[in-house]
Amino acid sequence: MELIASFQVNHLELFPGLYVSRRDSKGEAVTTTFDMRMTAPNREPVMDTPAMHTIEHLGATFLRGCSVKDDVVYFGPMGCRTGFYVIFFGVQTSESVYSTIVDMCRFILDFEGDIPGAKPEECGNYSEQNLNMAKYYIRRYLDDLTENKRFVYPE
(Lines give C-alpha, C1' and ligand atoms only; values in the text may rest on other atoms or scores of the structure.)
Protein backbone atom coordinates (compact mmCIF):
# COMPACT_ATOMS: atom_id res chain seq x y z
CA MET A 1 0.00 0.00 0.00
CA GLU A 2 1.37 3.39 -0.98
CA LEU A 3 1.75 5.94 1.81
CA ILE A 4 -0.32 9.08 1.43
CA ALA A 5 1.63 12.28 0.78
CA SER A 6 1.50 13.63 4.33
CA PHE A 7 3.02 10.40 5.69
CA GLN A 8 5.94 10.79 3.29
CA VAL A 9 7.07 14.05 4.94
CA ASN A 10 9.92 13.44 7.38
CA HIS A 11 8.25 14.49 10.61
CA LEU A 12 11.59 14.37 12.45
CA GLU A 13 12.70 17.37 10.35
CA LEU A 14 9.37 19.22 10.44
CA PHE A 15 8.96 22.47 12.35
CA PRO A 16 6.02 24.85 12.75
CA GLY A 17 5.09 26.45 9.45
CA LEU A 18 2.49 26.87 6.74
CA TYR A 19 3.08 24.20 4.12
CA VAL A 20 1.24 23.22 0.93
CA SER A 21 0.29 19.66 1.78
CA ARG A 22 -1.47 18.78 -1.49
CA ARG A 23 -3.45 20.03 -4.42
CA ASP A 24 -6.43 18.15 -5.75
CA SER A 25 -8.52 18.67 -8.83
CA LYS A 26 -11.67 17.28 -10.34
CA GLY A 27 -12.72 18.75 -13.62
CA GLU A 28 -12.05 22.45 -13.39
CA ALA A 29 -12.25 22.56 -9.58
CA VAL A 30 -8.92 22.75 -7.74
CA THR A 31 -8.31 22.78 -3.98
CA THR A 32 -5.12 23.43 -2.06
CA THR A 33 -4.66 21.83 1.36
CA PHE A 34 -2.33 23.54 3.82
CA ASP A 35 -0.54 21.97 6.74
CA MET A 36 -0.66 24.56 9.52
CA ARG A 37 1.97 22.81 11.61
CA MET A 38 1.93 24.38 15.07
CA THR A 39 4.33 22.18 17.02
CA ALA A 40 7.46 20.21 16.13
CA PRO A 41 6.19 16.62 15.75
CA ASN A 42 7.70 13.99 18.03
CA ARG A 43 9.90 16.63 19.73
CA GLU A 44 7.33 18.77 21.54
CA PRO A 45 4.24 17.78 23.47
CA VAL A 46 1.11 17.68 21.35
CA MET A 47 -1.53 20.36 21.83
CA ASP A 48 -4.23 19.60 24.36
CA THR A 49 -7.65 18.75 23.00
CA PRO A 50 -9.71 21.56 24.62
CA ALA A 51 -7.35 24.22 23.21
CA MET A 52 -7.46 22.63 19.77
CA HIS A 53 -11.24 22.50 19.93
CA THR A 54 -11.33 26.23 20.75
CA ILE A 55 -8.91 27.02 17.90
CA GLU A 56 -11.12 25.00 15.56
CA HIS A 57 -14.27 26.92 16.56
CA LEU A 58 -12.62 30.35 16.41
CA GLY A 59 -10.57 29.63 13.29
CA ALA A 60 -13.59 28.32 11.40
CA THR A 61 -15.67 31.29 12.57
CA PHE A 62 -13.05 33.73 11.31
CA LEU A 63 -12.45 31.96 8.00
CA ARG A 64 -16.17 31.65 7.21
CA GLY A 65 -16.59 35.40 7.66
CA CYS A 66 -13.35 36.89 6.32
CA SER A 67 -12.73 38.59 2.98
CA VAL A 68 -11.79 35.28 1.29
CA LYS A 69 -14.63 33.26 2.83
CA ASP A 70 -15.80 32.06 -0.58
CA ASP A 71 -12.41 30.41 -1.12
CA VAL A 72 -12.47 28.49 2.18
CA VAL A 73 -13.42 24.82 2.02
CA TYR A 74 -12.41 23.46 5.43
CA PHE A 75 -10.49 24.15 8.64
CA GLY A 76 -9.91 21.41 11.20
CA PRO A 77 -7.42 19.66 13.48
CA MET A 78 -4.89 16.99 12.59
CA GLY A 79 -5.41 13.69 14.36
CA CYS A 80 -1.84 13.81 15.69
CA ARG A 81 -2.66 17.10 17.47
CA THR A 82 0.36 18.96 16.09
CA GLY A 83 -1.59 21.36 13.89
CA PHE A 84 -4.52 21.99 11.57
CA TYR A 85 -5.48 21.53 7.95
CA VAL A 86 -6.99 24.42 6.05
CA ILE A 87 -8.30 23.90 2.52
CA PHE A 88 -8.91 26.65 -0.02
CA PHE A 89 -10.39 26.56 -3.50
CA GLY A 90 -7.89 27.31 -6.26
CA VAL A 91 -4.18 26.93 -6.81
CA GLN A 92 -2.92 28.69 -3.71
CA THR A 93 0.54 29.12 -2.22
CA SER A 94 1.67 29.62 1.35
CA GLU A 95 2.47 33.21 0.43
CA SER A 96 -1.01 33.80 -1.02
CA VAL A 97 -2.82 32.66 2.16
CA TYR A 98 -0.24 33.88 4.68
CA SER A 99 -2.01 37.17 5.50
CA THR A 100 -5.33 35.36 5.98
CA ILE A 101 -3.71 32.90 8.40
CA VAL A 102 -1.98 35.75 10.29
CA ASP A 103 -5.31 37.61 10.50
CA MET A 104 -7.00 34.45 11.78
CA CYS A 105 -4.35 34.09 14.48
CA ARG A 106 -4.80 37.73 15.52
CA PHE A 107 -8.57 37.22 15.64
CA ILE A 108 -8.09 34.30 18.04
CA LEU A 109 -5.60 36.24 20.17
CA ASP A 110 -7.99 39.19 20.45
CA PHE A 111 -11.10 37.09 21.06
CA GLU A 112 -12.98 37.48 24.35
CA GLY A 113 -16.32 36.11 25.38
CA ASP A 114 -18.31 32.99 24.65
CA ILE A 115 -16.82 30.62 22.09
CA PRO A 116 -19.01 30.56 18.96
CA GLY A 117 -20.80 27.25 18.50
CA ALA A 118 -20.05 26.09 22.06
CA LYS A 119 -23.59 25.38 23.20
CA PRO A 120 -25.04 21.90 23.66
CA GLU A 121 -27.37 22.32 20.69
CA GLU A 122 -24.49 23.51 18.45
CA CYS A 123 -21.60 21.13 19.25
CA GLY A 124 -21.22 17.47 20.14
CA ASN A 125 -18.63 18.26 22.84
CA TYR A 126 -19.48 21.88 23.62
CA SER A 127 -17.97 22.06 27.12
CA GLU A 128 -14.45 21.00 26.13
CA GLN A 129 -12.98 24.43 25.35
CA ASN A 130 -9.93 26.31 26.65
CA LEU A 131 -9.51 29.85 25.34
CA ASN A 132 -6.41 30.65 27.40
CA MET A 133 -4.50 27.62 26.11
CA ALA A 134 -5.77 28.25 22.58
CA LYS A 135 -4.26 31.73 22.78
CA TYR A 136 -1.01 30.28 24.13
CA TYR A 137 -0.64 27.92 21.15
CA ILE A 138 -1.70 30.56 18.63
CA ARG A 139 0.76 33.11 20.08
CA ARG A 140 3.61 30.57 19.78
CA TYR A 141 2.58 29.70 16.24
CA LEU A 142 2.15 33.29 15.08
CA ASP A 143 5.50 34.35 16.56
CA ASP A 144 7.28 31.43 14.89
CA LEU A 145 5.43 31.82 11.60
CA THR A 146 6.19 35.53 11.28
CA GLU A 147 9.81 35.10 12.33
CA ASN A 148 10.69 32.01 10.27
CA LYS A 149 8.11 31.82 7.46
CA ARG A 150 8.60 28.10 6.88
CA PHE A 151 6.64 27.43 3.69
CA VAL A 152 8.48 24.45 2.16
CA TYR A 153 8.56 20.97 3.65
CA PRO A 154 12.05 19.81 4.65
CA GLU A 155 13.73 17.38 2.28
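The values are calculated or read from the model by the stated rules, or taken from the named source; none is laboratory data. Only a predicted model underlies this, so the values are computations on that prediction, with no experimental measurement involved. Note that each Cβ is placed from the backbone with ideal geometry, even for glycine, and that neighbours are counted across all protein chains shown. These accessible areas exclude ligands, DNA and RNA; they are computed on the full protein's heavy atoms, side chains included. Shrake-Rupley method; radii C 1.70, N 1.55, O 1.52, S 1.80 Å.
Summary table below
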{"read-out": "Where the chain is the region considered: accessible area per residue in Å², 1.4 Å probe", "value": "55"}
{"read-out": "3J(HN,Hα) from dihedral phi, the stretch 51-67, Karplus parametrisation 6.51/-1.76/1.60, rounded to Hz, x for glycine, proline", "value": "5, 4, 5, 5, 4, 4, 5, 6, x, 5, 4, 4, 4, 6, x, 7, 5"}
{"read-out": "HN-Hα J in Hz across the stretch 31-40 - Karplus 6.51, -1.76, 1.60, θ = phi - 60°, x for Gly and Pro", "value": "10, 10, 9, 10, 9, 8, 7, 9, 9, 7"}
{"read-out": "Length-normalised contact order of the chain in % [C-alpha pairs under 8 Å, at least 6 apart]", "value": "31"}
{"read-out": "Residues Met1 and Glu128, FRET efficiency given R0 of 30 Å [Cβ-Cβ distance, rounded to 0.05]", "value": "0.30"}
{"read-out": "From phi via Karplus (6.51, -1.76, 1.60), per-residue ³J(HN,Hα) for the stretch 102-109 in Hz, x at Gly/Pro", "value": "4, 4, 4, 4, 5, 4, 5, 4"}
{"read-out": "Estimated 222 nm signal from helices in the chain, with DSSP H stretches of n ≥ 4 weighted -39500 (n - 2.57), rounded to 500", "value": "-11000 deg cm²/dmol"}
{"read-out": "Rg/Rg_ref, the chain, where Rg_ref = 2.2 N^0.38 Å and atoms are Cα", "value": "1.02"}
{"read-out": "Difference of contour (0.36 nm per residue) and Cα-Cα distance, Asn10 to Val73", "value": "20.0 nm"}
{"read-out": "Extension gain, Thr93 back to Glu155 (0.36 nm per residue minus Cα-Cα distance, nm)", "value": "20.5 nm"}
{"read-out": "Label-to-label distance, nm, for residues given as Lys26 and Glu44 (7 Å Cα→Cβ offset)", "value": "3.5"}
{"read-out": "Point-charge dipole on Cβ atoms (K/R +1, D/E -1) for the stretch 14-145, about Cα centre, debye to 20", "value": "320"}
{"read-out": "Size of charge dipole - the stretch 23-101 - debye, nearest 20, with Cβ of Lys, Arg +1 and Asp, Glu -1, no other charges", "value": "100"}
